[in-house]
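Asks: Before anything else, here's the structure in question.
The values are calculated or read from the model by the stated rules, or taken from the named source; none is laboratory data. Small disclaimer: the values here were computed from a predicted structure and weren't measured. No Cβ is skipped: glycine too gets one built from the backbone with ideal geometry, and neighbour counts run over all protein chains shown.
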Amino acid sequence: MHKVEFKQLDETLYHEKLDNGLEVYILPKKGFSKTFATFTTKYGSIDNHFVPRGETEAIKVPDGIAHFLEHKMFEKEEGDIFQQFSKQGASANAFTSFTRTAYLFSATDQIEENVETLLDFVQEPYFTEATLEKEKGIIAQEITMYDDQPDWRLYFGIIENMYEKHPVKIDIAGTVESIQDITAEHLYTCYNTFYHPSNMVLFIVGAVEPEGMMAFVKENQARKTFEEAHEIERFFPEERMEAAIKDRVLEMSVQKPKVFVGIKPEKLDFEGEEMLKHELAAELAFEMLFGRTSDFYHHAYEKNWIDESYSFDYSLENGFGYAIIGSDTAEPKVLAEEIKKTIAAAAEKWPFGQEDLDRMRRKKIGFFLRALNSPEFIANQFTRYTFNGMNLFDVVPALEKMEVADLQKAFSLVSAESQQSVFTILSPDKKEAE
């Protein structure tokens with residue numbers, strides 16, 4: 001077992017790669033009573049085109065299957081696994097994102113029992129055609145519910161505008177039509193391909209003794225038989241740099257119009273330290289331009305172009321990413337144009353210097369250090385960083401090394417007018433008025 005000390009953060013991380021390929025990380029937290037564990041596979045909604053384990057030809061599977069599989073994993077022949085966690089005093093959950101599926105629990109006691117339950121239920125699939133049909137109805141209702149939520153439609157609407165072919169443009173849950181094509185055979189194919197231990201990470205953080213817990217996990221895994229690890233071949237369509245759709249309006253019943261401006265990054269093949277540096281630099285740049293202490297924010301607020309719903313975000317994964325800025329607003333066209341003008345002005349002449357960077361750096365480090373008090377934050381973020389070849393605990397050192405030129409360089413990759421798109425939601429009467 002490897003032990004890595006991050007003295008600056010007063011954290012010690014324990015790590016071991018097991019014989020079956022599973023990466024196990026344990027982070028003991030002094031003074032904490034709760035333990036939080038995540039068992040995560042590097043498999044998300046975008047992984048719909050791949051070569052199945054043991055085969056040579058690539059296949060495409062129905063959209064939404066990763067999310068569907070997550071739901072079905074909790075259903076076992078002997079009953080619902082949630083009840084088992086509840087009996088052991090744990091709160092369990094799961095989520096599917098574009099790039100990963102995570103199963104998790106939090107508890108204050110019976111930690112070994114809950115870790116064993118977590119490992120065992122994820123590593124024992126049980127799918128039948130009979131139970132699939134019931135689940136299709138449940139997930140179809142979930143999809144329909146989200147289709148009626150303006151904020152959800154706004155978020156996916158701007159992503160659909162930016163991406164022409166990449167599966168990130170498809171709702172994580174798929175569509176009501178696509179999930180009807182899912183079979184038990186599909187689920188087993190995806191499970192056998194992506195749920196091998198070598199494609200997964202177990203992360204345990206909180207009130208845990210690392211040596212004993214690592215031995216417990218190793219013993220659990222040694223009792224099971226797995227096929228040999230293999231490299232997973234995933235395929236994604238080539239995507240042009242420019243935004244696919246420049247401007248689009250959706251009619252929905254909303255009290256106030258909603259607008260998002262999205263920017264598609266020019267470079268999307270970052271990984272490891274380079275990815276960490278770019279992501280942090282871009283986040284700092286957008287915080288300076290559009291954060292709540294920015295000139296843009298104060299001006300837009302005074303003009304009543306934005307309200308409490310205002311937000312901005314920068315997300316990056318290998319192969320896709322986006323910056324999104326927007327708000328509910330009575331002036332969607334004006335707000336979108338002002339956002340674009342702010343981006344264009346910064347691209348022409350970077351308005352921030354060393355003093356601005358130092359101030360924003362301190363703010364970012366402070367936020368990060370506070371977040372390290374949350375086991376949930378650590379576990380969820382650590383796994384994402386690991387899957388992208390990064391280390392969560394390198395964030396502070398990377399921020400401390402950041403220079404103004406790094407921010408300019410990162411921003412230059414997310415600022416071209418051709419990469420920008422606008423998505424607006426208007427109520428039908430508002431559209432008629434215009």
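Asks: What are the pairs, 6+ residues apart or on separate chains, where a residue within region 1-29 that is part of a loop (DSSP other than H, G, I, E, B) has its Cβ under 8 Å from a residue that is of a type in the set (Val, Ile, Thr)?
Replies: Close Cβ pairs (under 8 Å, with a partner that is of a type in the set (Val, Ile, Thr)) amount to Gln8/Val396; Leu9/Val396; Leu18/Val24; Leu18/Val217; Leu22/Val201; Lys29/Val205.
Asks: Based on this model, can you work out whether Lys303 counts as in contact with a strand residue (DSSP E or B) (Cβ under 7 Å, 6 or more places away or on another chain), among the charged types (D, E, K, R) and at pLDDT 95 or above?
Replies: no
Asks: Among the helices (runs of 4 or more DSSP H) confined wholly to region 238-352, which include 3 or more residues that are in the same structural domain as Arg384 (by TED's automatic domain parsing) and among the aliphatic types (A, V, I, L, M)?
Replies: 272-290, 332-348
Asks: Going by what's in this entry, would Lys409 be described as modelled with pLDDT under 95 and either in contact with a strand residue (DSSP E or B) (Cβ under 7 Å, 6 or more places away or on another chain) or outside any strand (DSSP E or B) (or both)?
Replies: no
Asks: Show me the helices (runs of 4 or more DSSP H) found entirely inside region 111-212 where at least 2 residues are surrounded by fewer than 20 Cβ atoms within 10 Å (Cβ to Cβ) and not acidic (Asp, Glu).
Replies: Answer list for region 111-212: 129-147, 150-162, 184-194.
Asks: Being touching a His at 6+ places or on another chain (Cβ under 7 Å), touching a residue at least 12 places away in the same chain (Cβ under 8 Å) and charged (D, E, K, R): is that true of Glu271 here?
Replies: no
Residue-by-condition table, conditions (1) of a type in the set (Asp, Glu); (2) within 30 Å of Asn199 (Cβ to Cβ); (3) touching a residue at least 40 places away in the same chain (Cβ under 8 Å):
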{"residue": "Trp305", "(1), (2), (3)": "no, no, no"}
{"residue": "Ala336", "(1), (2), (3)": "no, no, yes"}
{"residue": "Ala344", "(1), (2), (3)": "no, no, yes"}
{"residue": "Met360", "(1), (2), (3)": "no, no, yes"}
{"residue": "Ala371", "(1), (2), (3)": "no, yes, no"}
{"residue": "Phe377", "(1), (2), (3)": "no, yes, no"}
{"residue": "Thr386", "(1), (2), (3)": "no, yes, yes"}
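Asks: Across region 227-241, what is the total count of residues that are surrounded by 15 or more Cβ atoms within 10 Å (Cβ to Cβ) and modelled with pLDDT of 95 or more?
Replies: Total meeting the criteria: 3.
Asks: Filter region 383-397 down to the residues that are closer than 16 Å to Lys7 by Cβ and under 15 Å from the mean Cα position of the chain (by Cα) and list them by number.
Replies: Leu392
Asks: Filter region 113-138 for residues that are more than 14 Å from Phe39 (Cα to Cα) and at pLDDT 95 or above and give the result.
Replies: Glu113 - this is the single residue of region 113-138 that is more than 14 Å from Phe39 (Cα to Cα) and at pLDDT 95 or above.
Asks: While we're looking at this one, here's another question. When both residues are 6+ apart or on different chains and their Cβ atoms are under 8 Å apart, which pairs have a first residue that lies in region 104-123 and is closer than 14 Å to Gln83 by Cβ, and a second that is in a helix (DSSP H, G or I) and aromatic (Phe, Trp, Tyr)?
Replies: Cβ pairs passing all conditions: Phe105/Phe85; Asn114/Phe85; Thr117/Phe85.
Asks: Something else: Is one or more of the residues making up region 359-379 surrounded by fewer than 18 Cβ atoms within 10 Å (Cβ to Cβ), modelled with pLDDT of 95 or more and not in a helix (DSSP H, G or I)?
Replies: No, region 359-379 has no match at all.
Asks: Name every residue in region 147-166 that is touching a Pro at 6+ places or on another chain (Cβ under 8 Å) and closer than 19 Å to Arg100 by Cβ, in order of residue number.
Replies: The one that is touching a Pro at 6+ places or on another chain (Cβ under 8 Å) and closer than 19 Å to Arg100 by Cβ: His166.
Asks: If you don't mind, another one. Would you be able to say whether some residue in region 230-242 is among the aliphatic types (A, V, I, L, M) and under 23 Å from Phe411 (Cα atoms)?
Replies: Among the residues of region 230-242, at least one is among the aliphatic types (A, V, I, L, M) and under 23 Å from Phe411 (Cα atoms), which makes the answer yes.
Condition check ((1) surrounded by fewer than 16 Cβ atoms within 10 Å (Cβ to Cβ); (2) within 24 Å of Asp109 (Cβ to Cβ); (3) not aliphatic (A, V, I, L, M)) across all residues:
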| residue | (1), (2), (3) |
| --- | --- |
| Glu23 | no, no, yes |
| Phe39 | no, yes, yes |
| Gly44 | no, no, yes |
| Pro52 | no, no, yes |
| His67 | no, no, yes |
| Phe74 | no, yes, yes |
| Asp80 | yes, yes, yes |
